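So the structure is just underneath, and the comments pick up after that.
The values are calculated or read from the model by the stated rules, or taken from the named source; none is laboratory data. Values in this document were obtained by computation on a predicted structure and should not be read as measured data. Cβ sites come from the backbone with ideal geometry, for glycine too, and all protein chains shown count toward neighbours. All accessible areas refer to the heavy atoms of the entire protein, side chains included, with ligands and DNA or RNA removed. Shrake-Rupley method; radii C 1.70, N 1.55, O 1.52, S 1.80 Å.
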Amino acid sequence: SVFQQNQLKAKVEILKTQLLDLKIDDSRILKLKGEIEEVNKLLITTTPSIEKLTLEKQKIDQWYVNFKNFKSFLANKSIKDIADYTNFFLQQMKSNITISIEGYRMLSNKKLKEEITTLVYKDGFEEGSYGTFSAGERGRIIISNILALQELINIQAQEKGGGLNLLLSDEILDSIDPHGLELIVNSLQNLEKTIMIVTQHSNLKLENDTITIRKQNKVSMVM
(Lines give C-alpha, C1' and ligand atoms only; values in the text may rest on other atoms or scores of the structure.)
Protein backbone atom coordinates (compact mmCIF):
# COMPACT_ATOMS: atom_id res chain seq x y z
CA SER A 1 0.00 0.00 0.00
CA VAL A 2 0.99 3.66 -0.16
CA PHE A 3 1.37 3.62 3.61
CA GLN A 4 3.85 0.73 3.41
CA GLN A 5 5.76 2.53 0.67
CA ASN A 6 6.06 5.59 2.84
CA GLN A 7 7.32 3.44 5.69
CA LEU A 8 10.00 1.92 3.44
CA LYS A 9 11.07 5.34 2.18
CA ALA A 10 11.31 6.59 5.75
CA LYS A 11 13.47 3.60 6.64
CA VAL A 12 15.78 4.41 3.74
CA GLU A 13 16.21 7.96 4.99
CA ILE A 14 16.97 6.72 8.50
CA LEU A 15 19.60 4.34 7.17
CA LYS A 16 21.17 7.10 5.07
CA THR A 17 21.29 9.33 8.13
CA GLN A 18 23.01 6.60 10.10
CA LEU A 19 25.63 6.29 7.37
CA LEU A 20 26.33 10.01 7.35
CA ASP A 21 26.18 10.82 11.05
CA LEU A 22 27.56 7.75 12.80
CA LYS A 23 31.21 6.72 12.98
CA ILE A 24 30.99 2.97 12.53
CA ASP A 25 33.22 0.31 11.01
CA ASP A 26 33.22 -0.72 7.35
CA SER A 27 31.34 -3.96 8.00
CA ARG A 28 28.47 -2.04 9.52
CA ILE A 29 28.47 0.36 6.56
CA LEU A 30 28.36 -2.54 4.11
CA LYS A 31 25.50 -4.09 6.04
CA LEU A 32 23.56 -0.84 5.99
CA LYS A 33 24.18 -0.43 2.26
CA GLY A 34 22.90 -3.94 1.70
CA GLU A 35 19.76 -3.14 3.65
CA ILE A 36 19.24 0.01 1.57
CA GLU A 37 19.56 -1.97 -1.65
CA GLU A 38 17.02 -4.53 -0.44
CA VAL A 39 14.57 -1.80 0.53
CA ASN A 40 15.01 -0.06 -2.84
CA LYS A 41 14.41 -3.35 -4.67
CA LEU A 42 11.23 -3.83 -2.63
CA LEU A 43 10.11 -0.32 -3.56
CA ILE A 44 10.73 -1.02 -7.26
CA THR A 45 8.77 -4.29 -7.20
CA THR A 46 5.80 -2.94 -5.21
CA THR A 47 5.33 0.37 -7.06
CA PRO A 48 3.74 -1.14 -10.25
CA SER A 49 1.33 -3.22 -8.16
CA ILE A 50 0.27 -0.20 -6.14
CA GLU A 51 -0.19 1.90 -9.28
CA LYS A 52 -2.31 -0.86 -10.86
CA LEU A 53 -4.47 -1.20 -7.75
CA THR A 54 -4.86 2.58 -7.55
CA LEU A 55 -6.02 2.70 -11.18
CA GLU A 56 -8.50 -0.12 -10.58
CA LYS A 57 -9.88 1.69 -7.51
CA GLN A 58 -10.33 4.87 -9.57
CA LYS A 59 -12.28 2.92 -12.20
CA ILE A 60 -14.48 1.34 -9.53
CA ASP A 61 -15.12 4.74 -7.91
CA GLN A 62 -16.07 6.22 -11.29
CA TRP A 63 -18.40 3.31 -12.04
CA TYR A 64 -20.05 3.80 -8.64
CA VAL A 65 -20.59 7.52 -9.33
CA ASN A 66 -22.03 6.77 -12.79
CA PHE A 67 -24.37 4.14 -11.31
CA LYS A 68 -25.62 6.53 -8.63
CA ASN A 69 -26.21 9.23 -11.24
CA PHE A 70 -28.15 6.79 -13.44
CA LYS A 71 -30.18 5.56 -10.46
CA SER A 72 -30.95 9.18 -9.55
CA PHE A 73 -32.04 9.87 -13.14
CA LEU A 74 -34.49 6.95 -13.06
CA ALA A 75 -35.78 7.92 -9.62
CA ASN A 76 -36.31 11.55 -10.64
CA LYS A 77 -38.16 10.47 -13.78
CA SER A 78 -40.56 8.37 -11.69
CA ILE A 79 -40.92 11.19 -9.14
CA LYS A 80 -41.91 13.62 -11.91
CA ASP A 81 -44.55 11.19 -13.20
CA ILE A 82 -45.95 10.77 -9.67
CA ALA A 83 -46.12 14.55 -9.15
CA ASP A 84 -47.78 15.12 -12.55
CA TYR A 85 -50.49 12.51 -11.93
CA THR A 86 -51.02 13.74 -8.36
CA ASN A 87 -51.62 17.26 -9.67
CA PHE A 88 -53.94 15.88 -12.34
CA PHE A 89 -56.17 14.25 -9.73
CA LEU A 90 -56.04 17.34 -7.49
CA GLN A 91 -57.27 19.34 -10.46
CA GLN A 92 -60.04 16.79 -11.11
CA MET A 93 -61.11 17.24 -7.47
CA LYS A 94 -61.43 21.00 -8.14
CA SER A 95 -58.62 21.77 -5.70
CA ASN A 96 -56.44 24.88 -6.00
CA ILE A 97 -53.52 22.91 -4.55
CA THR A 98 -50.61 21.51 -6.56
CA ILE A 99 -47.43 19.84 -5.42
CA SER A 100 -43.82 19.78 -6.52
CA ILE A 101 -41.61 16.83 -5.57
CA GLU A 102 -37.89 17.54 -5.53
CA GLY A 103 -35.88 14.38 -6.04
CA TYR A 104 -32.17 13.60 -6.03
CA ARG A 105 -29.81 16.32 -7.19
CA MET A 106 -26.10 17.10 -7.20
CA LEU A 107 -25.04 19.68 -4.61
CA SER A 108 -22.37 22.34 -5.12
CA ASN A 109 -19.89 20.17 -3.19
CA LYS A 110 -20.42 17.37 -5.79
CA LYS A 111 -22.28 15.21 -3.27
CA LEU A 112 -25.61 13.68 -4.18
CA LYS A 113 -28.66 14.84 -2.19
CA GLU A 114 -30.50 11.56 -1.66
CA GLU A 115 -33.74 12.75 -0.12
CA ILE A 116 -37.15 13.67 -1.49
CA THR A 117 -38.81 16.98 -0.60
CA THR A 118 -42.45 17.81 -1.31
CA LEU A 119 -43.56 21.43 -1.64
CA VAL A 120 -47.20 22.51 -1.83
CA TYR A 121 -48.56 25.39 -3.92
CA LYS A 122 -51.85 27.26 -3.74
CA ASP A 123 -53.03 28.99 -6.91
CA GLY A 124 -49.51 28.61 -8.28
CA PHE A 125 -47.74 30.20 -5.29
CA GLU A 126 -45.52 28.22 -2.95
CA GLU A 127 -47.09 27.86 0.49
CA GLY A 128 -44.64 25.57 2.27
CA SER A 129 -44.00 21.91 3.00
CA TYR A 130 -46.67 19.22 3.15
CA GLY A 131 -46.67 19.06 6.97
CA THR A 132 -47.70 22.72 7.39
CA PHE A 133 -51.14 22.22 5.80
CA SER A 134 -54.46 21.36 7.42
CA ALA A 135 -55.67 17.78 7.73
CA GLY A 136 -58.25 18.34 4.99
CA GLU A 137 -55.70 19.70 2.54
CA ARG A 138 -53.28 16.90 3.37
CA GLY A 139 -56.12 14.43 2.86
CA ARG A 140 -56.69 15.66 -0.69
CA ILE A 141 -52.99 15.31 -1.41
CA ILE A 142 -52.90 11.81 0.11
CA ILE A 143 -55.83 10.56 -1.96
CA SER A 144 -54.51 12.18 -5.15
CA ASN A 145 -51.07 10.70 -4.55
CA ILE A 146 -52.50 7.21 -4.00
CA LEU A 147 -54.55 7.58 -7.18
CA ALA A 148 -51.41 8.69 -9.03
CA LEU A 149 -49.48 5.61 -7.90
CA GLN A 150 -52.43 3.40 -8.80
CA GLU A 151 -52.65 4.99 -12.24
CA LEU A 152 -48.97 4.34 -12.93
CA ILE A 153 -49.33 0.72 -11.78
CA ASN A 154 -52.42 0.26 -13.95
CA ILE A 155 -50.64 1.68 -17.00
CA GLN A 156 -47.99 -1.01 -16.62
CA ALA A 157 -50.59 -3.70 -15.90
CA GLN A 158 -52.72 -2.78 -18.91
CA GLU A 159 -49.87 -3.73 -21.21
CA LYS A 160 -50.37 -7.26 -19.91
CA GLY A 161 -54.16 -7.08 -20.05
CA GLY A 162 -54.67 -6.14 -16.39
CA GLY A 163 -55.33 -3.12 -14.20
CA LEU A 164 -57.85 -2.43 -11.42
CA ASN A 165 -60.29 0.48 -11.23
CA LEU A 166 -60.76 0.31 -7.46
CA LEU A 167 -59.33 2.36 -4.60
CA LEU A 168 -59.90 1.22 -1.02
CA SER A 169 -58.98 3.77 1.69
CA ASP A 170 -59.03 2.14 5.12
CA GLU A 171 -59.23 4.83 7.86
CA ILE A 172 -56.32 6.85 6.46
CA LEU A 173 -58.49 10.01 6.48
CA ASP A 174 -59.80 9.72 10.05
CA SER A 175 -57.63 12.65 11.20
CA ILE A 176 -59.91 14.91 9.12
CA ASP A 177 -63.05 16.27 10.78
CA PRO A 178 -66.41 14.98 9.46
CA HIS A 179 -67.18 18.10 7.44
CA GLY A 180 -63.72 18.04 5.79
CA LEU A 181 -64.17 14.37 4.96
CA GLU A 182 -67.57 15.10 3.43
CA LEU A 183 -65.99 17.72 1.15
CA ILE A 184 -63.27 15.28 0.05
CA VAL A 185 -65.75 12.48 -0.65
CA ASN A 186 -67.99 14.80 -2.67
CA SER A 187 -65.02 16.10 -4.67
CA LEU A 188 -64.11 12.53 -5.59
CA GLN A 189 -67.36 12.32 -7.56
CA ASN A 190 -65.59 14.20 -10.36
CA LEU A 191 -63.36 11.18 -10.93
CA GLU A 192 -64.34 8.17 -12.96
CA LYS A 193 -63.09 5.87 -10.23
CA THR A 194 -64.56 3.22 -7.98
CA ILE A 195 -63.56 4.39 -4.51
CA MET A 196 -64.45 3.02 -1.08
CA ILE A 197 -63.49 5.09 1.96
CA VAL A 198 -63.59 3.35 5.33
CA THR A 199 -63.89 5.71 8.30
CA GLN A 200 -64.89 5.64 11.96
CA HIS A 201 -66.78 8.91 11.54
CA SER A 202 -70.53 8.48 11.85
CA ASN A 203 -73.51 10.59 10.77
CA LEU A 204 -71.76 11.94 7.70
CA LYS A 205 -73.98 14.02 5.43
CA LEU A 206 -73.01 12.57 2.10
CA GLU A 207 -74.66 12.66 -1.29
CA ASN A 208 -73.28 9.23 -2.10
CA ASP A 209 -74.22 5.70 -1.17
CA THR A 210 -72.94 4.77 2.29
CA ILE A 211 -72.71 1.52 4.18
CA THR A 212 -72.83 1.76 7.97
CA ILE A 213 -71.34 -1.12 9.96
CA ARG A 214 -71.82 -1.24 13.71
CA LYS A 215 -69.78 -3.52 15.95
CA GLN A 216 -71.61 -4.67 19.07
CA ASN A 217 -70.65 -7.49 21.41
CA LYS A 218 -67.71 -8.28 19.10
CA VAL A 219 -70.11 -8.78 16.19
CA SER A 220 -70.08 -6.45 13.16
CA MET A 221 -73.42 -5.86 11.47
CA VAL A 222 -74.42 -3.90 8.38
CA MET A 223 -77.05 -1.37 9.40
Of the residues in the range 168-183, how many are closer than 17 Å to residue 137 by Cβ and assigned to a loop (DSSP other than H, G, I, E, B)?
-> 6
Scan the range 66-103 for residues that are β-branched (Val, Ile, Thr) and either modelled with pLDDT of 85 or more or open to solvent by 30 Å² or more (accessible area, probe 1.4 Å) (or both) and jot them down.
-> 82, 86, 97, 98, 99, 101
Can you name the condition, by its number, that residue 182 falls short on among (1) without any contact (Cβ under 8 Å) to a residue 40 or more places away in the chain; (2) more than 19 Å from residue 82 (Cβ to Cβ); (3) open to solvent by 50 Å² or more (accessible area, probe 1.4 Å)?
-> (3)
For the range 185-223, which residues satisfy the criterion of being among the aliphatic types (A, V, I, L, M) and either over 14 Å from residue 143 (Cβ atoms) or touching a residue at least 60 places away in the same chain (Cβ under 8 Å) (or both)?
-> 188, 191, 204, 206, 211, 213, 219, 221, 222, 223
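Would you kindly identify the strands (runs of 3 or more DSSP E) lying entirely within the range 184-223 that contain at least 2 residues that are modelled with pLDDT under 85 and charged (D, E, K, R)?
213-216
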Would it be correct to say that residue 131 is assigned to a helix (DSSP H, G or I), at pLDDT below 85 and surrounded by 17 or more Cβ atoms within 10 Å (Cβ to Cβ)?
-> no
